[in-house]
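Heads up: the structure comes next, in structure tokens.
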Amino acid sequence: MDWGMKNRMSRIIRPETGKTLMLAVDHGYFMGPTSGLEDLENTLLPLLPYADVLMPTRGGLRNCVPAETDIPIMLRVSSGTSILNETHLLHEGQSVSVEDAIRLNVAGVAFSILVGQPYERDTILGMSQVVDWGERYGIPVLAVTAVGKGLGKDARYLSLASRMAAELGARIVKTYYCEDFEKVVNSCPVPIVIAGGKKMPEMDAMQMAYDALQAGAIGVDMGRNIFQAENPAAMIQSVRAIVHQNYTPQEAMELLESLKNKSE
Ligand code: R5P
């Protein structure tokens, strides 16, 4: 692995723990002003001190994140549909050039592949092209898998999608937690992070993050369960304690309540 790729990977996955907490705020590229992200700048800025990586769109980055901010960027570089396009949700292609990714000084780029969907071929070939320039310039590709409806997010499907992403050259895979998740991890030769998915009770989100890490995930790339939380800053700090300090869900919930009380 070239020095540049190693350096970027070490900015994404913290060397001191081998783990990462990514804050996902790229939802607007197909969901618009989704709940909790209506005011993107004022939502994400207070959370940055507790995230290892920020995952924005290029518009979100340029318009809402000060260039002086010291946080590695995992840039969303695929798009193409919106939530209004029910039949072809996430028929995505490359929507950011390598030049713009380099201009934005990114640590990595994120591309969605839709395994098992009608347009899977387009997304797979699109990511492969991004892997080509990512490897050329030392920029790791994070494959976003299994976003969408009716995909049957069980270990069999997630193992298929994650392994395909790794075989196609993704350096990191983002997928979802599931029962028998260790099967997904053990059949994927690159690091896996889990997305949080739709907002769930805070204890459930903590348990999911903990279980995923116990099963071998190297972290989370969480959005809605943080920015839609009652107290996002308290929530991200509590999830961070699970990721980097091996807190149990119970310990993390105690921290959450303590931080909430302090902020009141
Ligand atoms: C969806 O495609 C976006 O890429 C999000 O980054 C991803 O779903 C993670 O966010 P959340 O934890 O809200 O699911």
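The values are calculated or read from the model by the stated rules, or taken from the named source; none is laboratory data. What you see is a predicted model; the values in this text were computed from it and never measured. Cβ atoms come from the backbone with ideal geometry, glycine included; neighbour counts cover every protein chain shown.
A few remarks follow.
- Residue selected from the range 107-133 under the condition assigned to a loop (DSSP other than H, G, I, E, B) and either crowded, with 17+ Cβ neighbours inside 10 Å or touching a strand residue (DSSP E or B) at 6+ places or on another chain (Cβ under 8 Å) (or both), by the criterion modelled with the highest pLDDT: Ala107
- For Met74, the conditions (1) more than 25 Å from Arg240 (Cα to Cα); (2) surrounded by 14 or more Cβ atoms within 10 Å (Cβ to Cβ) are fulfilled apart from (1).
- The range 22-44 residues that are over 14 Å from Pro56 (Cβ atoms), paired with ones that are near the ligand (Cβ under 9 Å from one of its atoms) and among the aromatic types (Phe, Trp, Tyr) (beta carbon under 6 Å, 6 or more apart): Gly36/Phe227
- Of the set (1) under 19 Å from Leu21 (Cα atoms); (2) surrounded by fewer than 21 Cβ atoms within 10 Å (Cβ to Cβ); (3) of a type outside the set (Gly, Ala, Ser), all apply to Leu84 but (1).
- The residues listed here are Met55, Met22, Met31; of these, the one that is among the aliphatic types (A, V, I, L, M) and at pLDDT below 95 is Met31.
- The set of residues in the range 235-257 being surrounded by 18 or more Cβ atoms within 10 Å (Cβ to Cβ) and not in a helix (DSSP H, G or I) consists of Tyr247 alone.
- Count - residues of the range 45-61 that are free of Cβ contacts under 8 Å to residues at least 40 places away in the same chain and surrounded by fewer than 18 Cβ atoms within 10 Å (Cβ to Cβ): 4
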